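Since the structure comes first, as structure tokens, the remarks are kept for the end.
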Amino acid sequence: MVIEQATLFGGDDAGAGERQEFVGGEVVYLPGFVPVADRAGLLARIDETTVWRQELIRMYGKEMPVPRLTAWHGDPGRTYSYSQIALEPVPWTAPLLALKAMVEAASGVAFNSVLLNLYRDGRDSVAWHSDDEPELGPRPVIASVSLGAPRRFHLRRKADHGDRADITLTDGSLLLMAGSTQHEWEHQVPKTATKVGPRVNLTFRTVT
């Protein structure tokens, strides 16, 4: 995949690190978004104030646990559904609001909800999918913050699976997906046999 150099989101670069843009300028990766000194404390506060859920998903006629823990926070009434799972928002916590303000300042987008995913080890994952649910609108902006152990993130074009990009989402990084990305591309975090520690991923969204 060609790395584009066009600017998608206005304003100064957030945090430290190289600014890279993929998918025709519709995906921007900022590896040093959260300052190093803040990462461990922020991760601990988020984990302490989050009530993690083990959701069930139906596949091949059977119910099985989703291979990660999740939580859904947001403004009142911002219900979100995916894979036949309906989520009612839990109120914002102080660390989530602080991170939300950072993400909004960097992206210039106002978000009203966030999906948290806890990857406990390399056995936890998320399969190929797109965040293209109707309540996210026709051209959703998804801001994904990673805290903790690095994990591989794969993108592939729906019309041509050979057209893809692989990114290592590092501790404190921000990945912004916008434009037609969710309709033309899909993404995954695969399982890994490599021993890795826990990772919390927060994907800020705007539910209409």
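General remarks:
- Residues whose placed amide H lies under 5 Å from that of THR206, excluding near-sequence neighbours: ASN112, VAL141
- Site pair HIS183 and ALA105 shows an inter-label distance of 3.3 nm when each label is modelled 7 Å from Cα along Cα→Cβ.
- Per residue, the accessible area of the chain comes to 47 Å², computed with a 1.4 Å probe over protein heavy atoms only.
- Percent accessible area from carbon and sulfur atoms, the chain, protein chains only, probe 1.4 Å: 55 percent
- The dipole here belongs to the chain: it is taken about the Cα centre, uses +1 on the Cβ of Lys and Arg and -1 on the Cβ of Asp and Glu, and is about 700 debye.
- Under the Karplus curve 6.51 cos²θ - 1.76 cosθ + 1.60, θ = phi - 60°, whole-Hz ³J(HN,Hα) for the range 134-147, x wherever Gly or Pro sits: x, 5, 8, x, x, 9, x, 9, 10, 10, 10, 9, 10, 10
The values are calculated or read from the model by the stated rules, or taken from the named source; none is laboratory data. The model shown is predicted, which means the values in this text are computed figures rather than measured ones. Every residue, glycine among them, receives a Cβ derived from its backbone with ideal geometry; neighbour counts consider all protein chains shown. These accessible areas exclude ligands, DNA and RNA; they are computed on the full protein's heavy atoms, side chains included. Shrake-Rupley method; radii C 1.70, N 1.55, O 1.52, S 1.80 Å.
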